[in-house]
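The values are calculated or read from the model by the stated rules, or taken from the named source; none is laboratory data. These numbers were taken from a predicted model, which means no experiment stands behind them. Cβ atoms come from the backbone with ideal geometry, glycine included; neighbour counts cover every protein chain shown. All accessible areas refer to the heavy atoms of the entire protein, side chains included, with ligands and DNA or RNA removed. Shrake-Rupley method; radii C 1.70, N 1.55, O 1.52, S 1.80 Å.
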Amino acid sequence: MLLDLRSAISDTAYPLVLPSAEEARQTGAAVTAQLDDYLLPRLARLDAPLLVVVGGSTGAGKSTLVNSLVQARVSATGVLRPTTRAPVLVCHPSDLAWFRQGELLPGLTRTSDASDDPGTLQLIAAPALAPGLAFLDAPDIDSVVDANRALATQLLAAADLWLFVTTAARYADAVPWELLRTARLRGTVIALVLDRVPREAADEIADHLAEMLAAQELGAAPLFVLPETQVDGQGLLPERYTEPLRSWFGRLAADADARSAVVRQTLDGALTALRTSVDRLADAADDQAATAEDLGERASAAYRGGRRTVEHGLQDGRLLRGEVLNRWQEFVGTGELFRTLEARVGQLRDRVVAAVTGRPAPGRQLQSAIESQLVQLLRGVAAEAAETAYLGWQTHPSGAALLTPELARPGADLPERAERLIRDWQRGVLDLVRTEAGGKRFVARTAAYAVNAMGLAVMVAVFASTAFIPTGLEVATAGGTTVAAQKVLEAIFGDQAIRTLATRARQDLLVLVDRLLDEELERYLAPLATVEVGAEPGIRLREAGDAVERARAATALTTTGNPTAPEGAR
């Protein structure tokens, strides 16, 4: 189940720019690290040696304390800060094999030599240390070196027990208390050492620290007070001062049940804390999905608006005005429509006239005007949709981060695609006419030229909201020529047939327009697809978190309270 949770966390990304994204990435990395560094290996070996991570502020004396507890100079000390750059783990020789395997803290390379590389873990055997217990001297939690602070936090998350070391001068610092609160929320077992305490102020300082611990619900944590003193020739603290702490750890090492209780309490706390972290990750993932959906809808709405503009333009008669109307009047008024419907000779006559005058036939001019008008409409609609979508994304931080300048305008090849679309549609209209009128003697007699003429009339019919049944305005504007054309077509096809033909032609045009606008919309959807936000990413995270919580409750890992503090601890 923990592996399923880890997989769910690893598979969830937070690529969109949102307030919750960066925190989610950090939380996900922290949870994954704790799973790898501690929870998975510890649950696989509950009987492994107890790991005590010694952490604290800069110059608190952590390394000196570790050396004194194991009665050997195993960790470097000095006045230069930070002294401990790479972690040092000290254990009994019989426990070295477990830590050398690398199951715990697998990202750190094991070494037996001192190192300044924070990616290494120096392993040292100390015969004076009892089996079953190991000390890990961590870098300073408030180090001026970012890598040291990050490593210290990582190591503390892998602790069975956190031995927090502070001084009389630093015990109220903010950074340590932030980590203490984190440890409490995780359920980590904690013990504290108050170091370098002036004898005359020992009771006062210790009482104040105890009050602070109680206020943070850490009053049960054992507190050991070490007075100001000099180290001996080996750099170790006097045994009479460290004896209470050494005895406490000695009894813990000798008592398998006590060690197990510490491990189980810390494990239970860590597993319980996962629930809150996973919920935050799931919420952030939901934010990503909702934002991606919103951005997609903003762009889609812009292009849906473009489609409606085209549809209205075909229905409200606006395209019957201007160049199209003029060419239509020429086409009908000069009698070309009727001549071409009467006999094939019309085709030959118009070709001769065009050759002599150098002017295209009215039918060809009408076809070009229709094409030009529709292409102009599509270009305007695409430009407006691109601008609307661009502004919609620009007002959202996530959308603005995905924008590129070319998205503010239609695709560079849109004019060519629009022209190709209209020409394809015009050919389709001719096919419709040919199919619908294929059995009519009139069309059969006049053949392709008549089909072309009737096709042009049907194209004009598409521009009228009444399927080419003219309104009073259209009749007045066109001087009655639309009525004449309408009557001719009705005579050929019948009233319902022409209505059906115009409707089908309009529908076919809108299908092609949809395809063109979908291609333009894809320019916006493609960047969204690259960020790989799942449709419901939070569900998998919550399901995995629920499974972990059910397993935790079923195994009854929890053991309440810190280990009993011996005499000498506050």
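Amide hydrogen proximity for Thr167: with H placed 1.01 Å from N in the peptide plane, the residues at 5 or more positions away or on another chain lying under 5 Å are Asp195. Return the FRET efficiency for the residue pair Glu543, Ala30: r is the Cβ-Cβ distance, R0 is 25 Å, and the value is rounded to the nearest 0.05. Efficiency at R0 = 25 Å is approximately 0.75.
Across Asp255, Asp160, the residue with the most accessible area heads the list, and the full order at a 1.4 Å probe is Asp255, Asp160. Determine the share of region 128-278's accessible area contributed by carbon and sulfur atoms, expressed in whole percent, with a 1.4 angstrom probe. Of the solvent-accessible surface of region 128-278, carbon and sulfur hold 51 percent. Ranking Arg506, Arg149, Arg420 from most to least accessible surface, computed with a 1.4 Å probe over the protein chains only, gives Arg420, Arg149, Arg506. Beta-bridge orientation, region 24-175: approximately 20 percent antiparallel, per DSSP, counting only bridges with both partners inside.
For region 3-77, with every protein chain kept in place, what is the accessible area per residue (1.4 Å probe, Å²)? Counting only protein heavy atoms, the per-residue value for region 3-77 is 35 Å². A 1.4 Å probe run over the protein chains yields, for region 138-217, 40 Å² of accessible area per residue, whole-number rounding.
For the residues Leu525, Leu5, a 1.4 Å probe over the protein chains yields an accessible-area ranking, largest first, of Leu525, Leu5. With all protein chains in place and a 1.4 Å probe, the accessible surface of region 1-73 carries 54 percent carbon and sulfur. Note on Glu532 and Asp203: the extension gain reaches 112.6 nm, defined as 0.36 nm multiplied by sequence separation minus the Cα-Cα distance. A Förster radius of 35 Å combined with the Cβ-Cβ distance from Glu406 to Asp116 puts the calculated FRET efficiency at roughly 0.10.
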